[in-house]
Each structure stands twice: as structure tokens, then as C-alpha cells.
Amino acid sequence: MTATGSAPRTDVPDAPPARPVRRRSRGVDAVPWWLRLVVAVVGLYFVLPTLFVIPMSFSESTTFSFPPEGFSLQLYRNFFTDPVWLTSLRNSFVVALVAALLATVVGTAAAVGLHHLTGRLARLARTVLMISIVTPGIVIAVVVYISFLKWHLVGSFTGYVLAHAAIGMPFVLVSVTSALSGFDSKLLRASASLGATPLRTFVRVTMPLISRGIVTGAVFAFVTSFDEVVIALFLRSPTFQTLPVQMFNSVTFEVDPTIAATSSLVVTAVTVVCLVPLLLGTRRKNRQES
Amino acid sequence: MPATSTSTARPPVAPVVARAGTQIRLTDVVKDYGLAVPAVDGVSLTIEPGEFMTLLGPSGSGKTTTLNLIAGFETLTSGHISFDGDDVSSLPPHKRNLGMLFQNYALFPHMTVAQNVAYPLRERKVPKAEITRRVAEVLELVQLTGRDDNVPAQLSGGQQQRVALARAIVFGPTALLLDEPLGALDRNLRGALQAEIQRIHREVGSTFVFVTHDQEEAMSLSDRIALFNNGKIEQVGSPEALYKAPETLFTARFLGDSNVFELASAPGSTVAWQDRSWTVDPGTVSDRARAAAQAALVVRPEDVHIAPSDDAVPPGVPSVPATVTDVQYLGSYRTVVLSYAGGVAGRARLDASETQLAVGQAVTAWWRVERQRVVSR
């Protein structure tokens with residue numbers, strides 16, 4: 001309790017606490033009021049769009065309006081009864097899932113492989129693999145579109161998965177590489193000396209120890225694919241389109257307020273998915289401390 | 001987890017205790033990384049079954065590379081390695097059935113003590129009940145009973161290394177390789193764990209190959225020591241043989257202190273050093289000194305006697321004038337630091353009760369002719 005020595009609490013009996021209390025070490029200076037204000041404004045700026053869209057999704061109105069008029073679940077009913085919305089949601093979900101899986105497998109393999117190499121070629125390979133992070137989305141979209149036209153992949157499930165896996169893979173590479181930086185490669189030798197094949201070693205030693213990096217990368221890849229719109233616009237076909245494309249259509253062609261409900265659902269879903277590695281992390285930490 | 005390679009023949013699982021050791025034979029082993037000098041340069045060594053062999057040497061001498069070659073972590077440039085006559089030169093490490101201890105313990109941090117120790121047994125598809133029995137047995141052997149459910153981070157360094165030791169012997173390996181396993185421990189713990197390793201070597205009876213740069217550790221643990229220098233074996237022998245009968249100046253200097261007199265000419269019935277001439281006993285001239293162009297005469301500090309003047313020296317023994325430059329009291333003995341003619345530094349180890357000597361005093365150092373040794377340099 002008194003590890004940091006500040007603010008002794010006499011009302012607490014000195015029985016050991018159920019869980020060790022971890023106190024954040026504070027800097028010497030107090031945080032000035034203006035800095036708190038700046039932080040609050042920046043924070044607000046980030047969540048404001050969400051704060052607008054969620055109330056709007058419960059509006060009774062059939063057009064966009066803020067503040068929302070009345071309260072109803074009409075927009076949610078529209079979303080969940082319209083097969084166009086539901087199909088595109090399912091498409092997005094399945095594409096994102098498969099693309100994330102593919103990106104995770106390839107990205108993890110690349111990260112583990114490159115981890116053991118130090119040469120100039122390895123550095124070059126790493127850079128090349130990450131290049132899609134900094135390439136403008138429209139450039140990738142055009143290139144993908146031209147190639148996929150040739151390979152007859154436009155508008156196909158495979159096409160979406162391949163394109164989205166490619167743009168999601170660098171996120172996996174980055175997160176797994178950073179997880180590997182804390183990995184002791186002597187463990188690989190220990191495992192081999194104990195009779196494990198390299199593949200068994202990867203499954204039983206490497207993977208559990210870098211699992212946070214893998215999960216984080218997979219979540220990023222999933223989210224990247226789930227809300228990707230530029231490539232999806234190029235690849236769309238009358239028979240196959242993803243949720244972001246349908247949202248784009250609904251705003252540009254139909255001015256349908258259902259998008260407010262859709263957006264709220266997407267925001268909620270993505271937030272939940274992003275919290276997964278966080279929850280995983282705290283649970284593991286607690287287990288180690290107990 | 002499903003089996004990933006059912007086709008692989010798994011190494012047999014031998015009982016932990018009472019396993020006859022394995023002979024490890026290295027024949028003309030070379031490891032060349034393409035640098036100026038090969039890391040291991042033609043090493044041949046036979047490690048007898050059940051022997052405690054130490055690979056000793058300064059850093060960069062090739063001892064760790066040699067251990068890694070035995071373990072299979074490095075591939076041979078040329079030469080052969082065999083276990084009990086079976087060539088294992090091209091066998092991957094997971095098929096060599098060796099236990100290994102590392103300096104940083106290399107325990108799996110996400111597994112408990114029991115899971116760590118069970119790891120090699122699970123890889124060998126040992127039945128569950130048998131695993132439980134063996135883990136309990138080996139944890140008792142290393143005196144860690146009751147720590148099964150701790151994770152490595154909850155244990156001290158010494159305890160972690162004992163878990164690693166348990167994990168490395170639980171499957172009855174062909175041999176145990178120890179890569180400076182005590183290097184990360186403080187002095188007291190190191191002593192305790194040395195005793196532990198020695199006890200387990202006695203009880204398990206398997207072949208131990210131990211790498212260290214610490215000569216005291218090597219002397220106290222080993223049946224034999226292979227002294228490495230520049231990728232080659234300088235000398236192999238029991239700790240006593242290496243200390244008492246070094247072949248080369250490197251050996252004499254690496255194991256213990258020496259007074260070194262570099263000789264200008266090849267040794268005959270006498271040797272000459274500066275203006276002195278000393279008789280030599282042919283039994284104290286090393287084989288390599290006989291063949292070498294250059295030789296040196298070495299005397300251990302405990303064999304050097306100090307006389308106040310030439311007159312007090314017994315007749316016929318080798319002697320040399322010296323100046324006392326320092327006297328260090330070390331509890332059970334005193335070390336007298338000497339400066340011989342020509343500024344050559346030396347030491348004598350005297351009884352702690354010796355209090356006559358003063359710094360700056362001119363004395364004569366002498367030793368018995370059978371206690372000197374002529375080595376190559």
C-alpha cells in the first residue's frame with residue numbers, strides 16, 4: 001500500500017490487500033489548468049462526431065436533423081429489416097474476418113522471419129512490406145482495380161479479401177515485430193534442446209509470448225478492412241458490396257437517415273473489437289501479479 | 001495441441017537417475033564464420049561416459065561455439081561429432097536428446113514450474129500420470145518441491161536455475177550441456193549451485209559438458225578441463241595436471257598465478273635467464289617446450305621462497321635477486337609482490353605470520369628445482 005510513501009491511509013487495516021495496489025508515479029509538478037483544458041478540447045474534438053450521430057440515430061424524423069426530434073428505434077428497424085443493409089453488413093463482416101485472418105498469418109510469418117535476419121536485404125524487405133501504410137488509398141485502389149480487372153477479381157469475394165488482407169498485413173507486421181523485440185531468442189534454443197521441432201516451438205513458446213502483438217495486429221487488420229471504402233468503391237459490383245460502400249450510396253444517392261443507425265452500430269462494434277487486446281492485456285497482468 | 005510431425009521418431013525417454021553416461025567424440029571440428037580466424041579451428045576431443053568435462057577459456061576462444069556445435073545450434077564447417085559412436089554431425093538440435101542449461105536460465109515465462117519441467121516429457125508423448133510422477137521426482141532432486149505452480153518470475157535466480165536444471169535432466173538426456181549457468185548469480189549462490197550441480201552429476205551419472213571462463217569454477221567442478229585458446233585446444237587434463245604440469249605459458253598463466261621467466265634459448269640440461277643459469281630436471285620440461293623454439297620457466301607463487309640475502313639460500317637451488325614492491329595481507333596468507341631483474345614482476349605466497357619483509361627491501365627469491373616448470377611460449 002505504502003510503496004510510494006504518499007498519503008498514508010490510516011483507516012485501512014494492515015491486512016494484505018487482495019490485489020496489490022499499483023500507484024501511478026506522478027511527476028513533480030502539478031498539471032496546470034490550461035493543459036487540462038487543452039486535453040479536454042482535443043478529446044471532445046475526437047468524440048464529437050460520435051456524440052452527434054448516436055442521438056440522431058434515435059430520431060423520429062425521416063430526414064437528417066439535429067437535435068433529434070423525439071425518440072424512436074425507427075432507423076434501427078429500417079436497418080435490420082432492409083436486406084440491402086443486412087447483406088452488405090454480412091459481406092463486410094465476412095470479408096474483414098477472412099482478410100484479417102490472412103493478414104495475421106502472413107504478417108506474423110513475415111515478422112517472425114524478419115526478426116531473425118539483420119542484413120540490409122531484411123531491412124529493405126521490411127520497408128517494402130510496410131509501404132502500403134504510407135501510400136495514398138486512391139493509388140492503391142487504382143492499381144488494385146487495374147490488376148483485378150485483368151484477373152477477373154473485381155466484385156468478387158476473393159478480390160475484396162486479397163486487397164484488404166494486403167492493406168491490413170503491415171499493421172500485423174508492426175505489432176508482431178514490436179512484440180518480438182521483447183522475446184528472448186534463447187528460449188528457441190532451450191525448446192529445441194528439450195526435443196521440440198521448430199514448428200512445435202513456435203506453437204508452444206513463441207506464439208503464446210507474442211500473442212498480444214498478434215491479437216492487436218489482427219484487430220487492426222479487421223478494423224482496417226471493415227471500414228475501408230476507397231478500394232471497396234472500385235471493386236463493388238451489383239451483386240457484392242460492403243457496408244461502407246452501401247453507406248456511401250445511401251448518403252450520395254438516397255439521403256437515407258438510416259445511416260445514422262448504421263454509423264452508431266459500426267462505431268460501437270469497432271470500439272468493442274478494439275477493446276479486446278486491452279482486456280486481454282489487463283487480465284494477463286492480473287494473473288501474473290496474483 | 002495436435003501433433004505437428006507424427007513421422008518424427010521421438011528420442012527415447014530414459015529414467016532420470018542411474019543412467020550410464022554417453023561418450024561424446026569431436027573429430028577435427030572446424031567452425032568458420034568467414035572471419036580472419038576460424039571460431040573453432042580443428043578441435044578433437046573425446047569426452048568419456050559420465051565425465052564432467054569443462055571447456056575453459058577466455059571470451060572468444062571458441063569454447064561456447066564448440067558447445068553450440070555439440071548441441072547442434074551451429075552447423076559444422078568440417079569435422080565430425082559422434083555420441084557413443086553414432087555420427088550426429090547433421091542431426092538437428094531437437095533430435096540430439098541433450099539437456100542444456102543457459103546463463104539466463106531460458107525458462108518459459110508463460111508456464112509454471114511444473115509445466116516448464118514437463119515440457120520435454122510432453123514433447124516425447126510421455127503419458128500424463130508418468131509426467132506427474134517424474135516432475136515430482138525431479139523437483140525433489142533439485143529441492144524445489146512445492147513450487148510447482150509458481151511462474152519463473154516469482155522465483156529467485158538460483159531457484160530459476162534449479163528449475164532449468166530439473167527441466168534439462170527430467171527426460172534422461174544423452175548428456176547435459178551447461179553454458180556458463182552460474183554467470184548471472186552472486187558469489188554465495190554460485191557456490192551453493194556448484195555443489196548442487198556436482199551432487200546431481202554424481203546422482204544422475206550422465207556426461208556433463210560445462211563451459212566457463214572462471215578458472216576457479218573449472219578447477220573445483222571438473223574431472224577434466226579442456227583449455228581453449230584462439231579456437232584451438234591448448235591442453236586437456238585433470239585440474240591438477242593442468243595446474244602442476246602446464247604445457248604452455250598460456251595454460252600456466254590462465255590457471256593460477258605464475259612467476260614467468262622468458263628464456264632466450266631452448267632448454268637443455270640448464271636454462272639461462274639474463275645472467276643467471278639454472279639446472280633443470282628433464283621431468284619438468286613439457287613436451288611442447290622441448291619441440292618449441294621459445295620457452296619460458298614458470299614457478300607458482302606458493303613455491304617461491306624468500307631469503308634476506310644470497311647467503312641464506314640453500315646450496316644448488318635456482319635463485320634470483322628481487323626487490324619487494326608490495327606486501328599484501330590476505331588473511332590466511334601474505335602475497336609478496338616482487339620485481340626481478342629487468343623489471344619482471346612476480347609473486348610469492350608466504351605464511352601470514354611472515355612480517356620481516358619491508359617494501360623496497362632487496363631479497364633473493366629461490367625455489368626447489370623440481371617445482372619449476374619449463375613450458376613453450
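The values are calculated or read from the model by the stated rules, or taken from the named source; none is laboratory data. Predicted model only: the values in this text are computed from it and were never measured. Heads up, the Cβs are rebuilt from the backbone with ideal geometry, glycines too, and the neighbour counts pull from every protein chain shown.
What the table below lists for this structure:
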{"read-out": "Residue in the range B:83-96 that is among the hydroxyl-bearing types (Ser, Thr, Tyr), more than 8 Å from chain A (Cβ to nearest Cβ) and not in a loop (DSSP other than H, G, I, E, B) present", "value": "no"}
{"read-out": "Any hit, the range A:248-262, residues being surrounded by fewer than 20 Cβ atoms within 10 Å (Cβ to Cβ), more than 30 Å from B:LYS95 (Cα to Cα), modelled with pLDDT of 85 or more and touching a Gly at 6+ places or on another chain (Cβ under 9 Å)", "value": "no"}
{"read-out": "Among the residues listed as A:ARG120, A:ARG90, A:ARG77, the single one being basic (Lys, Arg) and over 30 Å from A:VAL174 (Cβ atoms)", "value": "A:ARG77"}
{"read-out": "Every pair of residues 6+ apart whose Cβ atoms lie under 7 Å, when the first sits in the range B:16-29 and is over 16 Å from B:LEU98 (Cα atoms) while the second is surrounded by fewer than 17 Cβ atoms within 10 Å (Cβ to Cβ) and at pLDDT 90 or above", "value": "B:THR27/B:SER44; B:THR27/B:HIS80; B:ASP28/B:GLY42; B:ASP28/B:SER44; B:ASP28/B:SER78"}
{"read-out": "Boolean, B:ALA153 is at the interface with chain A (Cβ under 9 Å from one of its Cβ atoms) and surrounded by fewer than 16 Cβ atoms within 10 Å (Cβ to Cβ)", "value": "yes"}
{"read-out": "Subset of the range B:276-292 [over 14 Å from B:SER319 (Cβ atoms) and surrounded by fewer than 13 Cβ atoms within 10 Å (Cβ to Cβ)]", "value": "B:PRO282, B:GLY283, B:ASP287, B:ALA291"}
{"read-out": "Scope the range B:318-377; condition closer than 17 Å to B:GLY256 by Cβ and surrounded by fewer than 14 Cβ atoms within 10 Å (Cβ to Cβ); matching residues", "value": "B:GLN328, B:LEU330, B:SER332, B:ALA345"}
{"read-out": "Criterion: surrounded by 21 or more Cβ atoms within 10 Å (Cβ to Cβ) and more than 29 Å from A:THR50 (Cα to Cα) - qualifying residue of A:LEU188, A:LEU194", "value": "A:LEU194"}
{"read-out": "Residue match in the range B:210-228 (condition: in contact with a strand residue (DSSP E or B) (Cβ under 6 Å, 6 or more places away or on another chain), away from chain A (no Cβ under 14 Å) and part of a loop (DSSP other than H, G, I, E, B))", "value": "yes"}
{"read-out": "Residues (surrounded by fewer than 17 Cβ atoms within 10 Å (Cβ to Cβ) and not small (Gly, Ala, Ser)) located in the range B:125-147", "value": "B:LYS125, B:PRO127, B:LYS128, B:GLU130, B:THR132, B:ARG133, B:GLU137, B:GLU140, B:GLN143, B:THR145"}
{"read-out": "Meets criteria (among the polar types (S, T, N, Q), touching a helix residue (DSSP H, G or I) at 6+ places or on another chain (Cβ under 8 Å) and not in a helix (DSSP H, G or I)) for A:SER59", "value": "yes"}
{"read-out": "Options B:GLY146, B:GLY158, B:GLY99, B:GLY72; residue that is under 23 Å from the mean Cα position of the chain (by Cα), away from chain A (no Cβ under 12 Å) and of a type in the set (Gly, Ala, Ser)", "value": "B:GLY158"}
{"read-out": "Condition check for A:LEU173: over 27 Å from the mean Cα position of the chain (by Cα) and either under 28 Å from B:THR75 (Cα atoms) or away from chain B (no Cβ under 14 Å) (or both)", "value": "no"}
{"read-out": "Qualifying residue in the range B:162-179 (condition: over 20 Å from B:GLY21 (Cα atoms), more than 9 Å from chain A (Cβ to nearest Cβ), out of contact with any Asp or Glu (no Cβ under 8 Å at 6 or more places or on another chain) and without any contact (Cβ under 8 Å) to a residue 40 or more places away in the chain)", "value": "no"}
{"read-out": "Qualifying residue in the range A:233-247 (condition: part of a helix (DSSP H, G or I) and among the charged types (D, E, K, R))", "value": "no"}
{"read-out": "Selection count, the range A:171-202, where residues are in a loop (DSSP other than H, G, I, E, B) and in contact with a Leu (Cβ under 7 Å, 6 or more places away or on another chain)", "value": "1"}
